[in-house]
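Remarks on the structure that follows.
The values are calculated or read from the model by the stated rules, or taken from the named source; none is laboratory data. Just so it is clear, the structure is predicted and the values come from calculations on it, not from any experiment. Because the Cβ atoms are built from the backbone with ideal geometry, glycine has one as well, and the counts that use them run over all protein chains shown.
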């Protein structure tokens with residue numbers, strides 16, 4: 001539950017990969033410097049690629065929906081899923097100023113992509129000539145072989161293999177067998193949900209009210225455009241980037257980690273980020289779309305986007321809410337009830353069963369000797385001793401004889 005301070009219309013979310021955006025985007029980059037002989041790879045685009053899947057500006061971790069069964073079946077632990085929504089970073093207009101008592105932004109019905117990764121089939125083999133490309137140069141040994149293929153209408157298989165000896169004469173030269181590598185299968189599904197973000201730093205706090213996923217198929221044109229984007233991203237030689245500063249250097253310098261199932265967790269994260277990068281950049285609501293004013297002026301609402309990218313945002317303040325565990329509450333009430341009931345029973349017993357105290361006389365020896373025994377006696381005359389005072393004691397002891405004994 002939230003207290004709402006202000007509500008306004010926004011464009012937001014991430015949609016499916018749009019292959020038609022790739023070629024016009026590359027042409028626009030080329031037009032920036034027509035005589036430049038290398039490809040243009042702006043850092044503002046590829047700088048996010050190392051941690052894209054865990055970047056709280058754009059994504060949140062999700063519960064895998066499809067890959068757990070296959071992961072257990074293949075005996076591997078390479079199952080992960082992420083929700084790419086873009087958060088408030090990919091929303092327009094900018095968050096309005098003011099409303100200091102409402103520190104969070106809530107957006108309903110935001111379009112997002114569920115990206116899921118799982119192990120490739122055990123019998124999978126990539127076709128080097130048709131499905132794999134080499135990235136490196138003749139002047140350095142930093143090189144890899146990258147492979148991408150389609151295993152089902154909604155699933156792609158990908159792998160990155162180290163060429164520790166470089167790629168002399170266009171051949172991936174390896175030093176170990178099998179070649180250190182990372183492989184994965186992945187799929188994309190479209191969903192929508194509610195996003196809660198921090199107004200101060202734009203990070204996504206939570207993603208809730210998710211709709212059922214709709215798997216997205218890959219067409220031949222999608223795969224071709226996808227390969228174009230990945231080549232543009234990974235081919236440091238074509239972009240004239242020094243090899244030690246390239247994206248693939250992270251993998252090339254981590255041969256031992258790639259061979260270890262747990263040590264390569266960071267490399268798997270980087271590899272997944274690379275595979276998601278084309279989707280992130282080339283959906284209708286990001287910089288890859290040059291046909292709209294998306295992100296060109298974040299102070300106004302973006303125009304020309306598909307209808308699913310338009311929703312409302314609210315500046316909110318969450319109410320404090322306490323949620324109790326029903327089982328623990330029932331247990332507490334049960335034990336507390338027993339204690340309270342016991343207290344009431346004791347109180348009722350003390351009221352109903354009144355016990356009188358003996359009269360204390362001036363003769364403690366009599367009190368201790370006779371009154372203590374008289375309390376439990378069943379003879380009425382004996383029980384009267386319980387309330388004897390000095391006068392009654394003297395009368396009762398008037399005929400008593402005292403014998404002095406000397407020890």
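Does the stretch 223-241 contain any residue that is modelled with pLDDT of 90 or more, farther than 18 Å from residue 41 by Cβ and in a helix (DSSP H, G or I)? Within the stretch 223-241, one or more residues are modelled with pLDDT of 90 or more, farther than 18 Å from residue 41 by Cβ and in a helix (DSSP H, G or I).
Residues that are over 35 Å from the mean Cα position of the chain (by Cα) and free of Cβ contacts under 8 Å to residues at least 40 places away in the same chain within the stretch 16-47 comprise 27, 29, 30, 31, 32, 33, 34, 35, 36, 37, listed in sequence order. Within the stretch 21-58, being surrounded by 14 or more Cβ atoms within 10 Å (Cβ to Cβ) and farther than 20 Å from residue 201 by Cβ holds for 21, 22, 25, 26, 29, 39, 40, 41, 45, 46, 49.
Condition check: assigned to a loop (DSSP other than H, G, I, E, B), more than 23 Å from residue 153 (Cβ to Cβ) and either within 31 Å of the chain's Cα centre (by Cα) or not assigned by TED's automatic domain parsing to the domain that holds residue 20 (or both). Does residue 287 satisfy that?
Yes; evaluated as a whole, the condition is true for this residue.
Screening the stretch 87-166 for strands (runs of 3 or more DSSP E) wholly inside it with 1 or more residues that are assigned by TED's automatic domain parsing to the domain that holds residue 280 and touching a strand residue (DSSP E or B) at 6+ places or on another chain (Cβ under 8 Å) returns the ranges 104-118. Note on the stretch 159-194: among residues that are at positive phi and loosely packed, with under 15 Cβ neighbours inside 10 Å, the one that is nearest to the chain's Cα centre (by Cα) is 170. Only one entry of 93, 100 meets the criterion of being over 30 Å from residue 305 (Cβ atoms) and surrounded by fewer than 18 Cβ atoms within 10 Å (Cβ to Cβ), and that entry is 100. Does residue 16 fit the bill of being surrounded by fewer than 18 Cβ atoms within 10 Å (Cβ to Cβ), at pLDDT 90 or above and assigned by TED's automatic domain parsing to the domain that holds residue 280? The answer is no for residue 16. Across the stretch 200-216, the number of residues qualifying as touching a strand residue (DSSP E or B) at 6+ places or on another chain (Cβ under 7 Å) and over 22 Å from residue 120 (Cα atoms) comes to 9.
For the stretch 302-338, filtered to residues that are in a helix (DSSP H, G or I) and touching a strand residue (DSSP E or B) at 6+ places or on another chain (Cβ under 9 Å), the residue that is farthest from residue 196 (Cα to Cα) is 308. Just one of (1) in contact with a helix residue (DSSP H, G or I) (Cβ under 6 Å, 6 or more places away or on another chain); (2) assigned to a loop (DSSP other than H, G, I, E, B) fails for residue 278. It is (2). All conditions but one from (1) buried (at least 18 other Cβ atoms within 10 Å of the Cβ); (2) farther than 29 Å from residue 222 by Cβ; (3) in contact with a strand residue (DSSP E or B) (Cβ under 8 Å, 6 or more places away or on another chain); (4) not assigned by TED's automatic domain parsing to the domain that holds residue 234 apply to residue 197; the one that does not is (4).
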